[in-house]
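The values are calculated or read from the model by the stated rules, or taken from the named source; none is laboratory data. Everything quoted here is computed from the prediction, not taken from an experiment. Glycine gets a Cβ as well: all are built from the backbone with ideal geometry, and neighbour counts include every protein chain shown.
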Amino acid sequence: MNDDMRTPRGTAEVVSTHSVFGAPCWVSLTSRDLEATQDFYSAVLGWRWRPAKLGDRFRIALAQSVPVAGIGAVASMWQMAVAWTPYFAVPSADEAVARVQERGGTAAVGPLSLPPGRAALLADRDGATFGVWEGELISNWETWRRAAPTFIRLHTRDAFDAAMFYGEVLDWASERPGCCEVRYEGGEVVLRSGGAIVARIESGALEAAPDPTIRPHWQVHFAVADVSGCARAAELHGGSVLSKGSDEAVLRDPDGAQFTVTSRHER
């Protein structure tokens, strides 16, 4: 997104949301305790940290010197939920916010000017929270995508309805060069950018009625080398394991934010 997200100089030229749009471009965590949050994710994911330009309550997470995520200890101060939130690249934050509101979603924050771009925090019409970013992306967006989430997944009540909503807001499957590709594969709506899977939308069986018990939300998946090791580290450092398989585990940090660790070999 902004300067805090750029990879070291010399890796690539800065690209903008006019050339890369509709795809996830960043993930951010709202937390309560900055030091405790840093300690937990350092232990579980091996991240290191650097200050962010937004102030003392914010940090940038680094994986092998690559900025991969942002953390802001503002949940209590701003009365926000503790949660991981994905941000999508858009050519115009104002236009994206207008499209969300026209289609029954809500604008929680923004658009705000955060040079060299603009951001907004939104919710779709089922209440799932997401953000949009207009402006410069990480100087090597592909490096970020490989180093950070394998993908993000929307758990919702009606996958096709959600895909229509996000497709219209983010210009998925449009005729514009560089847009994201959307397909139905293996019981899910799958979003690809440059051929790589960057997001999935699921709601259960294809012919099933929308499930009113589902709390729609975006789940962030981080690629790791050792799923079991991450799960053990989470429990040892005050978190919990909500579910675990050989290639994937759903974890909860001590503040209550959920995220998934996925084997690097899985997509």
Inset, instruction - Looking only at segment 35-53, decide whether some residue is of a type in the set (S, T, N, Q) and at pLDDT below 90. - result: no
Inset, instruction - Mind counting the residues in segment 150-191 that are of a type outside the set (D, E, K, R), touching a Phe, Trp or Tyr at 6+ places or on another chain (Cβ under 9 Å) and under 18 Å from Ala89 (Cα atoms)? - result: 14
Inset, instruction - Kindly provide the set of residues from segment 232-247 that are touching a Lys or Arg at 6+ places or on another chain (Cβ under 8 Å) and in a helix (DSSP H, G or I), ordered by number. - result: Ala234
Inset, instruction - Give me the pairs, please: first residue somewhere in segment 92-115 and crowded, with 16+ Cβ neighbours inside 10 Å, second residue anywhere and among the basic types (Lys, Arg) and in a loop (DSSP other than H, G, I, E, B), beta-carbon distance under 8 Å, and either six or more positions apart or on two chains. - result: Gly105/Arg125
Legend entry - Scan of segment 122-140 for residues that are aliphatic (A, V, I, L, M), surrounded by 21 or more Cβ atoms within 10 Å (Cβ to Cβ) and not in a loop (DSSP other than H, G, I, E, B), ordered by number: Leu122, Val132
Inset, instruction - Search segment 20-37 for residues that are touching a residue at least 12 places away in the same chain (Cβ under 8 Å) and surrounded by 24 or more Cβ atoms within 10 Å (Cβ to Cβ) and pair each with any residue that is part of a helix (DSSP H, G or I) and not charged (D, E, K, R) when their beta-carbon atoms are under 6 Å apart and the residues are at least 6 apart or on different chains. - result: Gly22/Leu170; Ser31/Thr37
Legend entry - Flag if Ala159 is modelled with pLDDT of 90 or more and closer than 10 Å to Ile201 by Cβ: yes
Legend entry - Residues satisfying the stated conditions in segment 148-188, i.e. on the phi > 0 side of the Ramachandran plot and among the small types (Gly, Ala, Ser): Ala173, Gly178, Gly186, Gly187
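A quick yes/no check of all residues on (1) in a strand (DSSP E or B); (2) modelled with pLDDT under 90; (3) among the aromatic types (Phe, Trp, Tyr); (4) surrounded by fewer than 22 Cβ atoms within 10 Å (Cβ to Cβ):
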{"residue": "Thr150", "(1), (2), (3), (4)": "yes, yes, no, no"}
{"residue": "Glu168", "(1), (2), (3), (4)": "no, no, no, yes"}
{"residue": "Arg176", "(1), (2), (3), (4)": "no, yes, no, yes"}
{"residue": "Val189", "(1), (2), (3), (4)": "yes, no, no, no"}
{"residue": "Ile197", "(1), (2), (3), (4)": "yes, yes, no, yes"}
{"residue": "Gly204", "(1), (2), (3), (4)": "no, yes, no, yes"}
{"residue": "Asp211", "(1), (2), (3), (4)": "no, yes, no, yes"}
{"residue": "Phe222", "(1), (2), (3), (4)": "yes, no, yes, no"}
{"residue": "Cys230", "(1), (2), (3), (4)": "no, no, no, no"}
Inset, instruction - Of the conditions (1) on the phi > 0 side of the Ramachandran plot; (2) not in a strand (DSSP E or B), Thr143 clears all except one; give me its number. - result: (1)
